[in-house]
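Q: Take a look at this one; I'll ask things after.
The values are calculated or read from the model by the stated rules, or taken from the named source; none is laboratory data. Everything numeric in this text was worked out from a predicted model, so none of it was measured. All Cβ positions, even for glycine, are placed from backbone atoms using ideal geometry, and neighbour counts span all protein chains on display. Ligands, DNA and RNA are stripped out before the accessible areas are found, and what is left, the full protein with its side chains, is counted by its heavy atoms. Shrake-Rupley method; radii C 1.70, N 1.55, O 1.52, S 1.80 Å.
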Amino acid sequence: MRSERLIVDMISCSAHGMCAELLPERVSLDDWGYPVIDAAPLDPELVGLARIAVQSCPKLALRLQREPARAPARARR
Ligand code: SF4
């Protein structure tokens, strides 16, 4: 299963702060109220909450990005 990570479009974001309230495990706010996202792949138990945060963003600035599939390792000869 491919993991997902949160990303934010800072141009669209208007610092409502809802994402930090809904997902404090991965989002904090800077001094101006803009989100600071932990970009590490989401733990499976946080994916549902992350989807709610994405759907709740009033500016559609928060997104889930799926990690690209890794190519299988080549066998050494
Ligand atoms: S909820 Fe959306 S608009 Fe509000 S701070 Fe988070 S990303 Fe920005």
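Q: Find the residue count for segment 12-30, including only residues that are without any contact (Cβ under 8 Å) to a residue 24 or more places away in the chain and more than 8 Å from the ligand (Cβ to nearest atom).
A: Residues meeting the conditions: 4.
Q: Can you name the residue in segment 38-61 that is farther than 19 Å from Arg2 by Cβ and not charged (D, E, K, R) and is also nearest to the chain's Cα centre (by Cα) among such residues?
A: Ala53
Q: Follow-up question, since we're still on this one. Condition first: part of a strand (DSSP E or B) and open to solvent by 70 Å² or more (accessible area, probe 1.4 Å). Can you find one or more residues in segment 43-62 that meet it?
A: Initially, segment 43-62 is screened for residues part of a strand (DSSP E or B), giving 62.
Still in the list and also open to solvent by 70 Å² or more (accessible area, probe 1.4 Å): none.
The answer is no; no qualifying residue exists.
Q: OK, next. Looking at segment 51-71, can you tell me whether even one residue there is in contact with a Phe, Trp or Tyr (Cβ under 8 Å, 6 or more places away or on another chain), within 13 Å of the ligand (Cβ to nearest atom) and without any contact (Cβ under 8 Å) to a residue 40 or more places away in the chain?
A: Here is the first cut: in segment 51-71, the residues in contact with a Phe, Trp or Tyr (Cβ under 8 Å, 6 or more places away or on another chain) are none.
Looking through segment 51-71, none of the residues is in contact with a Phe, Trp or Tyr (Cβ under 8 Å, 6 or more places away or on another chain), within 13 Å of the ligand (Cβ to nearest atom) and without any contact (Cβ under 8 Å) to a residue 40 or more places away in the chain.
Q: Considering only residues that are closer than 16 Å to Glu67 by Cβ and among the aliphatic types (A, V, I, L, M), which ones fall in segment 20-53?
A: Scanning segment 20-53 gives Ile37, Ala39, Ala40, Leu42, Leu46, Val47, Ala50.
Q: Of all residues in segment 2-11, which are of a type outside the set (Ser, Thr, Tyr) and more than 6 Å from the ligand (Cβ to nearest atom)?
A: Going through segment 2-11, the residues of a type outside the set (Ser, Thr, Tyr) turn out to be 2, 4-11.
Selection gives Arg2, Glu4, Arg5, Leu6, Ile7, Asp9, Met10, Ile11.
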